[in-house]
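Here the structure comes first, spelled out in structure tokens, and everything after it is commentary.
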Amino acid sequence: MNFQYKIVFFILIGICMLTCSQNSENKFWPKATNINQPWTRWWWLGNAVDAPTLTAHLEEFKRVGIGGVEITPIYGVQGAESRVIPYLSDKWIEMLNHTIREANRLNLGVDMPPNSGWRTGGPMVPIENANAAVEFFIKEVKFGEIFEPVPTSNLIQAMVACSKSGEIIDLTDHFQNPSATSWQVPSGNWKIYTIISKWSGQKVKRAAPGNEGFAIDPFSRKAVDDFFRYYAQKIKNVPRGAIRTYFHDSFEYEGNWSANIFDEFCKRRGYDLKQHLPALLGEGEENEVKRVKADYRETISDMLLENFIQPFTKWSHALGSQSRNQAHGSPGNLLDLYAAADIPETEIFGPLSGPATDLFINKFASSAGNVTGKKLISSESYTWLNEHFTVTLAEMKQATDHLFLAGINHIFFHGTAYSPPDAAWPGWVFYASSQINPQNPIWRDLPALNQYITRCQSRLQSGEPDNDILLYWPFLDILHDSAGLMKQLEVQNPNWFYDQPFGQLAKELYHSGYSFDYISDRQLLQSNYQDGGFKTSGANYRALLIPSCQYIPLETFKKLIELAQNGATILFQDHLPVDVPGFSNLTERQLEFENLKSGLNSIENGKFVIVQDIDAAFRQLKIYPEKRFIVAGIQYIRRKTSTGHIYFLANWGNQAIDNYFRLTVEHKSAVFMNPMNGQIGYAMFREDQMGKSEIRLQLKPGESIFLKTDANITPEVPKWNYLEPATQTELTGHWKIEFIAGGPTLPPAIETDQLISWTQLGGEATENFAGTARYTIGFDDPGTAANYLLVFEKIAESSRIFLNGKEIGTLICPPWEIRIGSLKPTGNVLRIEVTNLAANRIRYLDRSGIKWRIFHDINFVNIDYQPFDASNWKIRDSGLIGKVYLVGLKS
């Protein structure tokens, strides 16, 4: 073949390989939609917005890879009162519709809560529909005394006299007669219990101007219907379906009562609560106290679900939209409350090491979504992930991985405040945010994180969940507690989870490598056993495990027997449930429960199995954990595809991994997919001593990757490019540092041979600087390899890498390394644009006495809810720090 033909031949081969690679990448990374991209909560401070700036914000969101917004109006800004647009006014609706039109033009989505701030409510809520609390008055009286109630302007819901001998007289109707002002005490010693319903004192929290008012009673169907009827009328000029989802924030209502609670209680529990007021107040025999309080708590839970969240979803559908709900914090069954929305939403609050960032609590939302077939499970993400202006993209990436491992696949940033162009830096900001906004320097390299999230969510939103085990949640065990009244299941204080055997068992399963979802009583009643597995409305499972528990509803136990009769094996940790819950018809129900247990041996097809060794029980069912991953420090989540499975793997250990792993799923091929850079490639295989296939996995601390297995051989995929270091050369020489964007001013250029924090190189100008600096160095090929890996000791805090005028990529988190390919023999030019945090500039503002905390309501506080002051902060390291290496690769 002559020289010309050789050139043409190799060009054609190159084109073919490039086309093959592009086709493979398109096949493995679905074309991104705005649902795959992260969204952001968008606070409108004081609704002081205008059309041009709204458009500019939306265009900027689009540019950096944000797929949609959740508009949340809140309190205003000092000095901007003249710009305020009253909430739900005609002008406000005009701004909302402008946002919708512009979002549609840009292919962005729009969500919105049907209120401002949080807690549903406002000036339209009358006192009788307001969030309510109960107040108890107890008075001891004796025979012959004349009892006169204490005058009150609040609603007296019940008044009951109880004698020491157990006699009960309901005085409610007597004193509701206007002519009745007293009651003569009959023979004996008595206590008179008065129940008063009053306003809890709660209003809409962080309300926008025009929305100040009472928070609603979320247990009252009348209060809920009245509110949503009013709200629908106010937004009648918003196009149907223009809001993708209406959103309800975490449950922060503290009211524990409702105007019609006695009727609701009697209807649901089958007896009159007024006859058991001493037990409700904690008086009497402990077993009765526990049971009556549990019945009150279960009633509150049912009312919240059926009178608020389910109607909220139905109302959203009537407007052509969907619902999104944060159930945590509520006094209800979290699994049922999450499942009642179209998109269940969890949240993380505070640092990753804190109690409010808990994978097992986040799994309540994903479990409810998986069990009931929700395609999207969202999260309020990065709420106060660290102190203001110190949150890094690396921390955000790690928090994102945490959420993905918990089963979340729809990230919402928390978040972005609207800020007008004339606002002095740092602009308008929100007090509980990670400040994900264009004024923050981290915004410059945010597109790299957004691309990572988009690739991940494109896979995590596809296929189906593939968890092996259903883990029953004994919600009623939590409710049977003689202490207190209402039980709110909070993210910030998850003792309600860890104090139960259920919580300990969930941890044990996870850290043993098993995959599982939680299931509630309601959801279990809707499940079936067929084809050798448990089928819910949303997914299939291979085992049902009942943790050690005290109480189980009769209906649930009967369902377990039905499942066993259909062939299921039901696993019980340590023992069968001990008792039935609640107080109504207790003796009859307990007798029926014992009869059911005594007849278990007659089940023909399946069986109830009490297990102490859970691993052995699962082996009997041929359910195996991904134990090798867990031992190596790798966390995982697995989904099913039409032809195989897909794993998301994250190395949360301290050691780099380069080893072979055997999967628990059958496969003929496996492809790695790197969501950080989009690279794909066939995994390397070998056979272990048992002839089983093992996959070679390389993963450094902090790295994450997808592994897609297939029952068929996947064509047109190159081999995975494993890192095979051969040589290492320190990159030394003369660095030029130029400050190209940021403030308060751009420091003069610096030249140095030693890479230390730029804050140590330029005096106050560099100490106070927040923004981007360009590092440039020239060098020759050390000649040790054909391809190289560029490795940095430390980057504070993100960087874009350019080699010989070509952009190579962006680094936002460890490991601080990137493949740069081949080098020219001489005259290579490396340019690195490093961006630091806003912290040093905020420190400068506070040390200079420059006023920037200018917000109404709570204004701006630190992560401990104390007045914010950065003046004594230590100066944060910035720039390239330490050594830089060229690592020669074998291939």
### Task
Confirm whether residue 215 is part of a strand (DSSP E or B) and either crowded, with 23+ Cβ neighbours inside 10 Å or at pLDDT below 95 (or both).
yes
### Query
Filtering the range 390-410 down to residues that are open to solvent by less than 10 Å² (accessible area, probe 1.4 Å) and part of a loop (DSSP other than H, G, I, E, B), which residue is farthest from residue 347 (Cα to Cα)?
391
### Task
Having 1 or more residues that are closer than 24 Å to residue 667 by Cα is the bar; report the strands (runs of 3 or more DSSP E) wholly within the range 677-743 that clear it.
680-682, 685-687, 693-699, 704-710
### Message
Please list, ordered by residue number, the strands (runs of 3 or more DSSP E) wholly in the range 556-662 having 1 or more residues that are without any contact (Cβ under 8 Å) to a residue 40 or more places away in the chain, surrounded by fewer than 16 Cβ atoms within 10 Å (Cβ to Cβ) and on the phi < 0 side of the Ramachandran plot.
### Response
607-611, 657-661
### Task
Have a look at 806, 824 and point out the one that is within 26 Å of residue 737 (Cα to Cα), out of contact with any strand residue (DSSP E or B) (no Cβ under 7 Å at 6 or more places or on another chain) and free of Cβ contacts under 8 Å to residues at least 12 places away in the same chain.
806
### Task
Residue by residue through the range 796-829, note down the ones that are part of a loop (DSSP other than H, G, I, E, B) and crowded, with 18+ Cβ neighbours inside 10 Å.
797, 812, 813, 816, 823
### Task
Check off (1) touching a strand residue (DSSP E or B) at 6+ places or on another chain (Cβ under 6 Å); (2) surrounded by fewer than 17 Cβ atoms within 10 Å (Cβ to Cβ); (3) at pLDDT 95 or above for residue 707 and give me the number that stays unchecked.
(2)
### helices (runs of 4 or more DSSP H) fully within the range 285-379 counting 3 or more residues that are of a type in the set (S, T, N, Q) and under 30 Å from residue 394 (Cα atoms)
359-372
### Task
Only residues in the range 307-326 that are farther than 17 Å from residue 376 by Cα count as the first member; pair them with residues that are among the β-branched types (Val, Ile, Thr), Cβ under 7 angstrom, at least 6 apart or cross-chain, and list the lot.
307/224; 308/224; 311/224
### Task
Please specify each residue of the range 830-854 satisfying the condition of being part of a loop (DSSP other than H, G, I, E, B) and under 31 Å from the mean Cα position of the chain (by Cα).
836, 837, 838, 852, 853, 854
### Query
Given the conditions (1) under 22 Å from residue 860 (Cβ atoms); (2) touching a residue at least 60 places away in the same chain (Cβ under 8 Å); (3) open to solvent by less than 30 Å² (accessible area, probe 1.4 Å); (4) aliphatic (A, V, I, L, M), which single one is not true for residue 71?
(2)
### Any pair with Cβ under 9 angstrom, 6 or more apart, that starts in the range 528-542 at a residue that is in a loop (DSSP other than H, G, I, E, B) and ends at one that is polar (S, T, N, Q) and open to solvent by less than 10 Å² (accessible area, probe 1.4 Å)
536/527; 537/527
#### Entry: For residue 240: the one exception among (1) open to solvent by less than 60 Å² (accessible area, probe 1.4 Å); (2) modelled with pLDDT of 95 or more
(1)
### Query
Is it fair to say residue 712 is open to solvent by 50 Å² or more (accessible area, probe 1.4 Å) and either in contact with a Phe, Trp or Tyr (Cβ under 7 Å, 6 or more places away or on another chain) or under 30 Å from residue 460 (Cα atoms) (or both)?
yes
### Task
With respect to residue 97, determine if the residue is among the polar types (S, T, N, Q), part of a helix (DSSP H, G or I) and under 26 Å from residue 343 (Cα atoms).
yes
#### Entry: In the range 666-681, the residues that are surrounded by fewer than 16 Cβ atoms within 10 Å (Cβ to Cβ) and modelled with pLDDT of 95 or more
677, 678
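The values are calculated or read from the model by the stated rules, or taken from the named source; none is laboratory data. Remember, it's a predicted structure, so these values are computed and weren't measured experimentally. Every residue, glycine as well, gets a Cβ built from its backbone with ideal geometry; the counts of neighbours run over all protein chains shown. These area figures cover heavy atoms from the full protein model, side chains too; ligands, DNA and RNA do not enter into them. Shrake-Rupley method; radii C 1.70, N 1.55, O 1.52, S 1.80 Å.
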